[in-house]
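Have a look at the structure below, then the notes.
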Amino acid sequence: MRVFVAGATGVVGRQLLPLLAEVGHEPIGMARTAAAADRVRELGGRPVRADALDPDGVAQAVRTTAPDAIVNMLTAIPAKLDVRHTARDFAATNRLRTEGTRNLLAAAERTGVARVIAQGLAYAYEPADGVANEDAPLWANPPAQFVPILAALRELERQTTAAGGLVLRLGHLYGPGSAFAADGQFTQQVRAGKLPVVGGGTATFSFLHGADAASAIVAALDRPVRGVLNVVDDDPAPAREWIPALARIVGGRTPMRLPAALARPAIGGWGVAFMTRLRGADNARARLSLDWRPRYASWRDGFAAELTRTADVSA
């Protein structure tokens, strides 16, 4: 199967391209720049140059490569985020999730590509007790910084599912290139003792290694599953649990405990909500409908394996 990957060099794409080749598919990576094209080759894919926001360029790229499936992993998230200005930092990603998705779907329709898989988020659910399955509503009135991000996600899901595609709502990604990599923003903050447990650390995080996201995509290519699926690990954890655990793994300082009222001036309303109100997600439907299991059933094992391996290589 020829698989056209948009977002081929991101956290998921860098795991997906070699996996596709390994299992016998032909990976095609859309690349905006020459450097990105070189990276696609390094990952075992065939590059095709196009800008996701250029509808004619995307149409030509899809037409000339004639894929059997399109995988939309488009993002442009900065390596360092300012939680007080999350809406600003996600503006480019929001365009990719709306305009870029529209361009990919239009190209798919013109060329008869029947299978489309896109990346969503598994932590946009309405805050509530317990983990959320796919029937749970998305956040109705989130903090202001998350409003445009959620609007873009809703539009991506609307467009993709209307076209008969599948949206994989991915958990908090870790692994190479992520904020939880050895050189990633969250890991650095935890190592330095600069990521406090805010307001009791009651937000529940559902994590996912980039390689497990890639394996879910590969599993979905051959199955006629549509709609939305949560793709997360089996071990949702509150912030008060995973932050100290990550600190121990990376040899960081014991995290501070900070009341929400004191944290708000520094990290804003969205920052407080991110650390106190997020709802975890349930992966039962993905496990059943895709016959998929995460290699790292728990972030505990995944963090330890990933960060220990990175430390060994650095040494």
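Quick notes on this one:
- Taking the conditions (1) among the basic types (K, R); (2) at pLDDT 95 or above; (3) closer than 21 Å to V12 by Cβ; (4) over 21 Å from the mean Cα position of the chain (by Cα) in turn, R285 satisfies each one other than (4).
- Taking (1) in contact (Cβ under 8 Å) with a residue 12 or more places away in the chain; (2) part of a loop (DSSP other than H, G, I, E, B) in turn, M275 satisfies each apart from (2).
- Residue selected from the range 101-112 under the condition crowded, with 21+ Cβ neighbours inside 10 Å and out of contact with any Leu (no Cβ under 9 Å at 6 or more places or on another chain), by the criterion farthest from A163 (Cα to Cα): A107
- A239 being closer than 23 Å to G130 by Cβ and buried (at least 16 other Cβ atoms within 10 Å of the Cβ): yes
- Number of the exception - D234 against (1) modelled with pLDDT of 95 or more; (2) in contact with a helix residue (DSSP H, G or I) (Cβ under 8 Å, 6 or more places away or on another chain); (3) not in a helix (DSSP H, G or I): (2)
- Residue within the range 148-160 that is in a loop (DSSP other than H, G, I, E, B) and crowded, with 17+ Cβ neighbours inside 10 Å present: no
- Pairs are defined by a Cβ separation below 7 Å, a sequence spacing of at least 6 or placement on different chains, a first member in the range 153-173 that is free of Cβ contacts under 8 Å to residues at least 40 places away in the same chain, and a second member that is outside any helix (DSSP H, G or I) and crowded, with 16+ Cβ neighbours inside 10 Å; the pairs so defined are R154/L138.
- For the range 69-103, the tally of residues that are of a type outside the set (S, T, N, Q) and in a helix (DSSP H, G or I) stands at 14.
- Residues considered: P255, P244, P259. Of these, the only one that is within 17 Å of G193 (Cα to Cα), touching a Pro at 6+ places or on another chain (Cβ under 9 Å) and surrounded by fewer than 21 Cβ atoms within 10 Å (Cβ to Cβ) is P244.
- Among the residues of the range 156-185, the ones that are touching a Lys or Arg at 6+ places or on another chain (Cβ under 7 Å) and farther than 19 Å from A69 by Cα come to 3 in all.
- Within the option set D68, D56, being over 22 Å from A216 (Cα atoms) and acidic (D, E) holds for one residue only, D56.
- Residues of the range 188-213 that are among the hydrophobic types (A, V, I, L, M, F, W, C), within 17 Å of I249 (Cβ to Cβ) and in a loop (DSSP other than H, G, I, E, B): A192, L195.
- Counting only strands (runs of 3 or more DSSP E) wholly contained in the range 1-64, no element carries 2 or more residues that are among the acidic types (D, E).
- Residues satisfying the stated conditions in the range 118-129, i.e. surrounded by fewer than 15 Cβ atoms within 10 Å (Cβ to Cβ) and touching a strand residue (DSSP E or B) at 6+ places or on another chain (Cβ under 9 Å): E126
The values are calculated or read from the model by the stated rules, or taken from the named source; none is laboratory data. Every value quoted in this text rests on a predicted model; they were computed, and no experiment measured them. Positions of Cβ are backbone-derived with ideal geometry, glycine not excepted, and every protein chain shown enters the neighbour counts.
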